[in-house]
Amino acid sequence: MNELRQLPIPLLSWYRENARALPWRSAPTPYHVWISEIMLQQTRVAAVLDYYRRFLEAAPTVDALADLPTDQLMKLWQGLGYYSRARNLQKAAKQITERHGGVFPNTYEDIRALAGVGDYTAGAVASIAFRLPIPAVDGNVLRVTARVTGDTGDITTTAMKKKVTAALGKVIPLDAPGDFNQALMELGATVCLPNGAPLCEKCPAARLCRAFREGRTGELPVKAAKKARRVEERTVYLLFQGDRVALRRRPERGLLAELWEYPNELADGSDWLSRWGLSAPGLERAGTGKHIFSHIEWHMTALAGELDGPEVPEGWVWADRRELRDTYAVPNAFQSFAQVVADRLGHF
C-alpha cells in the first residue's frame with residue numbers, strides 16, 4: 001500500500017478547502033462527536049442534521065442523556081432507524097456516569113469499552129476529539145483505500161479491515177489525525193462514490209490512485225454479495241376507538257425493541273382478534289406496505305376497523321393524534337399506514 005504514504009498532504013489540503021460545514025465539526029467535543037458518529041451509522045448526513053439538533057436540545061450532556069426517559073429517547077430517534085443505537089447511547093451514557101464520573105473517557109480503550117462503540121467509532125472519537133493518531137475505518141475509508149491501492153481483497157472481511165487499519169496507522173499524521181480520518185470519510189462520501197461512477201476529476205488522490213490509472217474504478221472495491229433477506233408476510237391491525245388508535249409495545253429484545261407499533265402478526269390464517277379477546281365487526285382492508293430491514297423484508301397488509309369496546313390487552317395503549325405526534329415512537333416500518341391513521345384521527 002505504498003500509495004497511502006503519499007496521500008496525507010494532498011488529502012488534507014483538499015479537505016480543508018472542501019469539507020462540508022457540519023455542526024459537530026464546528027464544536028468537536030467528545031460528546032458531540034460521539035453522538036454524531038452513532039447517528040451517522042447507516043444514515044446519510046442530510047437525514048441526521050435535524051435529529052442531531054433536536055437530540056442535543058433534549059440531552060445536551062452525558063448526564064442528561066443518562067436520565068432521559070425511554071419513551072422520550074425513542075421519540076427523539078423516531079425515523080432514524082436501527083433503534084438499538086439509541087438504546088446503546090443511553091447505556092454508554094450511564095457507563096460514563098458510573099465509571100468515569102460523568103466525564104467522557106479520553107483513551108481509545110475506554111471509549112471502545114462503551115456500549116455500542118466499535119473500532120470505527122472509537123477511532124473517530126479518539127482522533128477527532130482527543131487528537132489521538134488512531135485510524136477510523138468505515139465503509140467509505142475501505143472503498144477509498146481499496147481504489148487508491150488497487151487492492152482486490154473483499155472489504156466485507158475482518159482481515160481486510162485489519163489490513164487497512166494497520167496500513168493507515170503507519171501514515172496518519174500525528175499533528176492532524178482527526179482531520180485525516182474525516183478527510184478520508186468525506187472523500188468517500190462526496191467524491192469516491194459507492195454507487196455510480198466516482199468523481200475522479202475532483203479527487204485529490206487521482207494521480208496516486210491505481211484504480212483510476214488502470215481503469216478499474218468500476219471493479220473496486222471487491223465486496224461479497226449479501227445473503228438474501230427473509231420475507232415475512234404480515235397483517236397489521238389498525239384498531240380505533242373514536243379518535244384513538246391502539247398501539248402495543250414491542251418486546252425488550254429483538255427487532256425494533258421497546259418501540260410502539262400497530263399490532264401485527266404473521267399472516268398465517270389465525271384469527272388474531274379472537275386470540276387477543278377483541279372484536280371489530282366490519283374490519284376492512286386498508287392498504288399494503290413493505291419495509292426492508294438488514295436481514296428481513298416485511299410485506300404488510302393492513303386491516304382497519306372500530307373496536308367494540310375500550311379494553312385492550314396488557315401492554316397496549318390508546319393514542320390520540322397528539323400522543324402519536326409527541327409521545328409514542330412508531331417506527332418508519334409502518335409509514336405506509338400513517339395516512340390511513342391520520343385520516344381517521346385527523347392530521348397530526
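Please list T235, T165, T121 in order of solvent-accessible area, largest first, computed with a 1.4 Å probe with all protein chains present.
So the residues, ranked largest to smallest area, are T165, T235, T121.
Please compute the modelled spin-label separation between D50 and D243, points set 7 Å along Cα→Cβ, answer in nm with one decimal.
In this crude label model, D243 to D50 measures out at 2.5 nm.
Using a 1.4 Å probe and ignoring any ligands, DNA or RNA, find the accessible area of T327 and quote it in Å² to the nearest 10.
50
Given contacts defined as C-alpha pairs under 8 Å and at least six residues apart, what's the relative contact order of segment 255-348, whole-number percent?
That works out to 32 percent.
One-quarter of the Cα convex hull surface for segment 186-314, in nm²?
12.5
Send over a whole-number figure in Å² for the accessible area per residue of the chain, probe 1.4 Å.
For the chain, the per-residue accessible area is 49 Å².
Between the alpha-carbon centers of segment 2-67 and segment 80-113, tell me the distance in whole angstrom.
16
Within segment 29-126, which trypsin sites (Lys or Arg not before Pro) sit in a loop by DSSP and count at most 14 neighbouring Cβ atoms inside 10 Å?
R44
Between R131 and K91, what is the FRET efficiency for a Förster distance of 30 Å, r being their Cβ-Cβ separation, to the nearest 0.05?
The formula returns an efficiency of 0.65 here.
Round to a whole angstrom and tell me the spacing of the C-alpha centers of segment 184-224 and segment 307-348.
46
Any idea which of T29, L4, F55 is furthest toward the positive side of the dipole for the chain, if Lys and Arg beta-carbons carry +1 and Asp and Glu beta-carbons -1?
L4
Which peptide among 131-143, 300-312, 195-207 comes first, and what is the full order, when sorted by highest mean count of other Cβ atoms within 10 Å?
131-143, 300-312, 195-207
For the pair R16 and N106, how long in nm is the line joining their label points, each one 7 Å along Cα→Cβ?
Spacing of the two 7 Å Cα→Cβ label points: 2.5 nm.
Would you pull out the residues with amide H under 5 Å of V236's amide H, same chain only if 5 or more places away, H placed 1.01 Å from N?
Here the answer is T301, A302, L303, since their amide H atoms fall under 5 Å of that of V236.
Over the chain, calculate the relative contact order: mean separation of alpha carbon pairs under 8 Å at least 6 apart, over the residue count, as a percent.
16
What span do the alpha-carbon atoms of segment 71-214 cover on each of the three principal axes, reported in whole Å from largest to smallest?
53, 35, 27
How much of the accessible area of the chain, in percent, comes from carbon and sulfur atoms when a 1.4 Å probe is used?
Exposed carbon and sulfur together represent 49 percent of the surface.
Just checking my list [x] 1.16; [y] 1.00; [z] 1.06 against Cα Rg over 2.2 N^0.38 Å computed from this structure; which label fits?
Identified label for the calculated read-out: [x].
What 222 nm value per residue comes from the helices of the chain, counting each DSSP H run with n ≥ 4 as -39,500 (n - 2.57) and dividing by all residues, nearest 500 deg cm²/dmol?
-12000 deg cm²/dmol
Once R0 is set to 35 Å, what does the formula 1/(1 + (r/R0)^6) return for the Cβ-Cβ distance between D63 and S270, expressed as a FRET efficiency to the nearest 0.05?
The computed FRET efficiency comes out at 0.15.
Too long at a 21 Å Cα-Cα cut-off: which of K161/K226; K163/K202; K223/K290; K91/K223; K227/K290?
Over 21 Å apart, Cα to Cα: K163/K202; K223/K290; K91/K223.
Excluding ligands and nucleic acids, what accessible area in Å² is computed for T152 using a 1.4 Å probe, to the nearest 10?
Per-residue accessible area (T152): approximately 90 Å².
Report the extension gain between R216 and K202 in nm, rounded to one decimal, defined as 0.36 nm multiplied by the number of residues separating them, less their alpha carbon distance.
3.3 nm
So what does I9 come to for accessible area, using a 1.4 Å probe and Å² rounded to 10?
140
The values are calculated or read from the model by the stated rules, or taken from the named source; none is laboratory data. Only a predicted model underlies this, so the values are computations on that prediction, with no experimental measurement involved. So basically every Cβ, Gly included, is an ideal-geometry build from the backbone, and we count neighbours across all protein chains shown. Areas reflect the complete protein model, heavy atoms only, side chains present, ligands, DNA and RNA absent. Shrake-Rupley method; radii C 1.70, N 1.55, O 1.52, S 1.80 Å.
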